[in-house]
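Scroll down for the structure; my scribbles are underneath it.
Read-outs throughout are calculated quantities, based only on the coordinates presented, and are distinct from any laboratory measurement. Source: prediction; values computed, not measured. We place every Cβ from the backbone using ideal geometry, glycine too, and count neighbours over all the protein chains shown.
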Amino acid sequence: MNERSSGAELAAILRGELNRYSPGEKLPSSRALMVRHQVSPVTVSRAIAELAAQGLVVTRPGAGVFRAEAAPGAAPGGSGGTAPPDTSWQEVALSAEAGVPPSRSADASGVLAALALAPPEVVDLNSGYLHPVLQPERALAAALARAGRRPGAWGRPPIDGLPELRAWFARDIGGALTASDVLITAGGQSALTTALRSLAAPGAPVLVESPTYPGTVAVARAAGLRPVPVPVDADGLRTDLLADAFAATRARVLVCQPLFQNPTGAVLSAARRPEVLRIARAAGAFVVEDDFARRLVHTDAPALPVPLAAEDPDGVVVHIRSLTKPTSPSLRVGAITARGPAYQRLRAVQAMDSFFVPRPLQETTLELVASPAWSHHLRTLAGALHDRRQTLAVALRQWLPDLLPDRLPYGGYHLWLRLPDGRDDGALAAAALRAGVAVTPGRGYFTAEAPGPHLRLSYACADSPERLTEGVRRLHRAYGEPL
């Protein structure tokens with residue numbers, strides 16, 4: 001009998017014995033349970049983690065396991081807000097067997113395509129970075145100069161990152177996070193790589209949105225993981241399919257972008273947000289929240305939902321935040337947050353990969369976000385992205401009205417176009433490039449067969465709104481060519 005089934009059997013036994021203990025009373029030690037039931041330490045750990053995930057017991061490091069004060073089914077520590085997070089379930093998630101031999105595949109074609117620089121004569125509707133005219137170049141230059149004068153600016157930083165920067169990220173993300181939950185990373189892509197290599201064993205499945213950012217799939221496959229798609233619609237991740245996906249795959253990790261999802265631009269609806277957390281917790285799984293576009297909000301946006309991490313008391317969410325997208329491709333500074341044993345796993349993997357993020361970049365980031373220029377830049381960027389979105393939509397309405405999406409995103413930097421069935425998005429992208437405009441075919445955003453042809457158009461990388469209009473005109477010319 002394997003450890004998983006033995007753990008489930010022991011959990012059932014202990015569940016039946018819980019009435020012997022008063023709320024708050026300590027259960028027998030792990031050693032006592034091993035002796036009494038003749039099982040291994042892993043089996044005991046799995047059983048306790050299952051009961052903790054159901055809210056029946058609470059683990060207190062160094063003290064033991066106690067019957068939960070709350071009624072069965074209630075979230076541990078959820079009533080007063082002061083109880084320490086219950087991260088005991090992570091013992092299972094961090095040690096779950098993969099089930100199949102790993103198959104590593106380092107296919108970076110989607111990432112390399114996104115990083116490709118278009119020639120000057122080509123209108124770039126492909127890149128995911130801000131054009132220099134949208135970057136806060138003067139503020140960055142001033143922050144870099146001030147950072148260079150800081151005492152010890154070229155010294156070795158702490159492995160976790162500068163305490164002041166960690167504290168700033170914790171405040172920026174919100175919730176109960178503190179500086180001790182934040183690990184500074186070399187941008188969002190590095191954080192995503194660290195997260196997937198840390199939280200899932202080689203050969204394991206990992207749930208991803210469909211469609212999804214190609215960099216997520218590339219990182220997962222390079223780590224020997226098996227990306228499994230869960231469909232996205234206009235309201236974000238399909239939670240009606242999420243529980244079935246966890247049950248069918250026994251995955252321990254879900255990667256999602258709840259805000260301005262790439263490529264669809266969808267925002268996870270208010271009704272689905274708690275469902276994602278509930279389903280993941282019941283599955284004993286992590287949610288890797290890639291919050292890449294929070295600082296790419298537009299001026300006409302309603303109030304943004306808080307990150308999932310800010311509503312998670314028990315370390316289910318591993319949050320990724322980067323400052324690269326709203327500033328410059330070269331300000332590769334971000335953060336990853338976690339609570340419980342997962343943090344130490346993330347820290348160890350990052351230290352092995354890169355030691356630490358260079359201190360001058362961290363000092364520059366601190367100078368930038370602490371200056372009045374930071375909030376001014378974000379306001380200016382919000383207006384510019386709104387105007388560019390509207391310019392692109394007007395051009396599509398004029399030249400390619402059938403492709404204009406029904407709902408325009410109020411954040412991010414791209415539009416997701418559904419092409420008619422039978423169109424070849426790859427061939428159309430090639431024809432568009434010949435016509436002088438770079439666009440992104442949709443097929444690279446799907447881990448399996450795409451349900452239909454799509455194009456993604458970015459409006460952040462062109463040098464002016466007028467070039468966006470010209471780009472759509474050239475796309476129209478390519479669209480009319482026989483393919």
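Note the angle between two axes, namely the Cα long axis of helix 425-435 and the longest principal axis of the Cα atoms of the chain, as a number of degrees from 0 to 90, rounded to the nearest 10. Result, in degrees: 30. Between 0 and 90 degrees, the angle of helix 239-249 with respect to the longest Cα principal axis of the chain falls at about 60 degrees. The order of Glu289, Glu367, Glu137, Glu470, going from fewest to most other C-beta atoms within 10 Å of their C-beta, is Glu137, Glu470, Glu367, Glu289.
Per-residue ellipticity at 222 nm, computed for the chain from helices alone with -39500 (n - 2.57) per DSSP H run of at least four residues, works out to -12500 deg cm²/dmol. In loop segments of the range 364-451 as defined by DSSP, the trypsin sites (Lys or Arg not before Pro) with at most 11 further C-beta atoms inside 10 Å of their C-beta are Arg407. Rounded to the nearest 5, the antiparallel percentage of DSSP beta bridges internal to the chain is 55%.
The relative contact order of the chain, computed from alpha carbon pairs under 8 Å that lie at least 6 residues apart in sequence, is 19 percent.
Centre-to-centre, using Cα atoms only, the range 345-401 and the range 257-321 are separated by 18 Å. Helix 465-479 axis versus longest C-alpha principal axis of the chain: approximately 90°, rounded to the nearest ten.
Sorted fewest first by neighbouring Cβ atoms within 10 angstrom, His454, His131 come out as His131, His454.
A Förster radius of 25 Å, combined with the Cβ-Cβ distance separating Gln390 from Val133, puts the computed FRET efficiency at roughly 0.90.
Overall, the chain carries a charge dipole of about 860 debye about its Cα centre when +1 sits on the Cβ of Lys and Arg and -1 on the Cβ of Asp and Glu, all other atoms neutral. The share of alpha-carbon pairs in the chain lying farther apart than 42 Å comes to 21%. Calculation over all alpha carbon pairs of the range 359-398 in 10 angstrom steps from 0 returns a P(r) of 27, 30, 23, 16, 5 percent.
Note that the range 108-212, at 10 °C in a medium of 1.306 mPa s, gets a Stokes-Einstein diffusion coefficient of 89 µm²/s from its Kirkwood radius over C-alpha pairs.
Here the scattering of the range 148-371 is modelled by Debye summation over its C-alpha atoms, one equal scatterer each and no solvent; at q = 0.10, 0.14, 0.15 Å⁻¹ the log10 of I(q)/I(0) is -0.42, -0.83, -0.95.
If you take the charge dipole of the chain about its Cα centre, with +1 on Lys and Arg Cβ and -1 on Asp and Glu Cβ, which of Tyr343, Phe355, Ser127 is farthest toward its positive end? Highest projection toward the positive end goes to Phe355.
Near the amide H of Val287, within less than 5 Å, lie the amide hydrogens of Leu254, Val317, Val318, all on another chain or at least 5 residues away, with H placed in the peptide plane. Annotation for the range 290-385: chymotrypsin sites (Phe, Trp or Tyr not before Pro) lying in DSSP loop with at most 11 further Cβ atoms inside 10 Å of their Cβ are Phe355.
Set against the 2.2 N^0.38 Å expectation for a compact globular protein, the range 396-483 has a Cα radius of gyration ratio of 1.04.
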